[in-house]
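K.L.:
Quick one: this structure, given as structure tokens, is what I'll be asking you about.
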Amino acid sequence: MGGAVSAGEDNDELIDNLKEAQYIRTELVEQAFRAIDRADYYLEEFKENAYKDLAWKHGNIHLSAPCIYSEVMEALDLQPGLSFLNLGSGTGYLSSMVGLILGPFGVNHGVELHPDVIEYAKQKLDFFIRTSDSFDKFDFCEPSFVPGNCLELSPDCSQYDRVYCGAGVQKEHEDYMKSLLKVGGILVMPLEEKLTKITRTGPSAWETKKILAVSFAPLVQPRRSESGKSRLVQLPPLAVRSLQDLARIAIRGAIKKVIHQEAVSRNGDGLKATPRFKRRRVRRRRMETIVFLDKEVFASRISNPSEDNSCEGLGEEQREEDEQSPAEMKPEPPVNFLREKVLSLPLPDPLKYYLLYYRDK
């Protein structure tokens, strides 16, 4: 059992490795991956494996390998304000990363077969909103999860700009999946042992691109009820933001602009990213890997896009790393500038807490 990229010691190191192997290629996707710690979606007793490029399954709880999620995120070509449907939303890890890009005026819906997994996803989402400093760096499109079989969506459900299916789609269900897309929309799904990107270019026109070879557990076929009728899944309505929500979004946005302007006038280059631990880069050969989740459920075959076999300069990089003092190699703790600014405002405490979404930190 192995991964397409090297294991990391923490979430940032995992993302560094995914970037180096060209699985993460755009800044938006990188920011979303760094903002949400993958380990937070693991059960406590399994967290030592969180930063390995491997899938994980425990009961009904399942996470795909990081390289799969990064390929999916890149293929979806996400933009603020789009609508997204996640079929087999699982722990909500992918839906939450997508929500960081969609922003407050997007739509973020998930359908999950197992009620216990939906409860798990809601707990993880609540933990992220309450405790993560990353939450204040983004305008978040909070995902909504509904129970049911994704092959039994109500015929009157809305179409979406972006759709992802996290289970193997049989050929007979391809048209059903395509019907969920708006014109101009993108569908990403495992189809015939390939992670596939399908773009709807017209009412009956499509462009298809095979991304990489994978093997997912197949979609669970619908079961008829005792009456012989299927259980139609009703997706959440496209809700309109309340005036209070719109005001909070606007105020937080205005404060962020003030913080940025202050930083630019002080530093000349805006807020600087928190420095990360400097590590020696090891260039890897192209390799084919099979990732097994368990013997009967999941296997994924992945080709590493990186094919640079050069080791030139490694000795010099190692010497530079060795010369650094321990103090220089430790990152400074991040500062939540938005929180500090809100708490310093001459406002009643209840209003401050409202602007901060009543978060713990």
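Computed from the coordinates by the stated procedures, all read-outs in this text should not be read as laboratory data. Just so it is clear, the model here is predicted, and its values are computed rather than measured. Positions of Cβ are generated from backbone atoms using ideal geometry, with glycine treated the same way; all protein chains shown enter the neighbour counts.
K.L.:
So for each of 84-96, 209-221 I average, over its residues, the number of other beta carbons within 10 Å; can you give me the resulting order with the highest mean first?
P.N.:
The peptides rank, most packed first, as 84-96, 209-221.
K.L.:
How long is the gain from VAL335 to LYS178 if the chain were fully straight, where each residue apart is worth 0.36 nm and the alpha carbon distance is subtracted?
P.N.:
The span from VAL335 to LYS178 would gain 52.1 nm if fully extended.
K.L.:
Would you mind giving the average projected area, over all directions, of the Cα convex hull of the stretch 11-220 in nm² with one decimal?
P.N.:
Quarter of the Cα hull surface area: 10.9 nm².
K.L.:
Put +1 on the Cβ of each Lys and Arg and -1 on the Cβ of each Asp and Glu in the stretch 11-220; which of PRO203, ALA65, LEU181 then has its Cα farthest toward the positive end of the dipole?
P.N.:
Most positive-ward Cα: PRO203.
K.L.:
Residues with beta-carbon under 14 Å from that of ALA239, excluding ALA239: net charge, scoring Lys, Arg +1 and Asp, Glu -1?
P.N.:
Result for the neighbourhood of ALA239: -1.
K.L.:
Let me ask another. Going by the alpha-carbon gyration tensor, a ≥ b ≥ c the square roots of its eigenvalues, is the stretch 108-162 rounded (a/c under 1.5) or, if a/c is not under 1.5, prolate (a/b greater than b/c) versus oblate?
P.N.:
oblate
K.L.:
Using the alpha carbons of the stretch 1-127, what is the convex hull volume per residue in cubic angstrom, as a whole number?
P.N.:
103
K.L.:
Related question: Between ALA263 and LYS19, what is 0.36 nm times their sequence separation minus the Cα-Cα distance? Round to one decimal in nm.
P.N.:
85.1 nm
K.L.:
I would also like to ask the following. If you stretched the chain out fully between GLU119 and PHE105, how much longer would it get, using 0.36 nm times the residue separation minus the C-alpha to C-alpha distance?
P.N.:
The span from GLU119 to PHE105 would gain 2.6 nm if fully extended.
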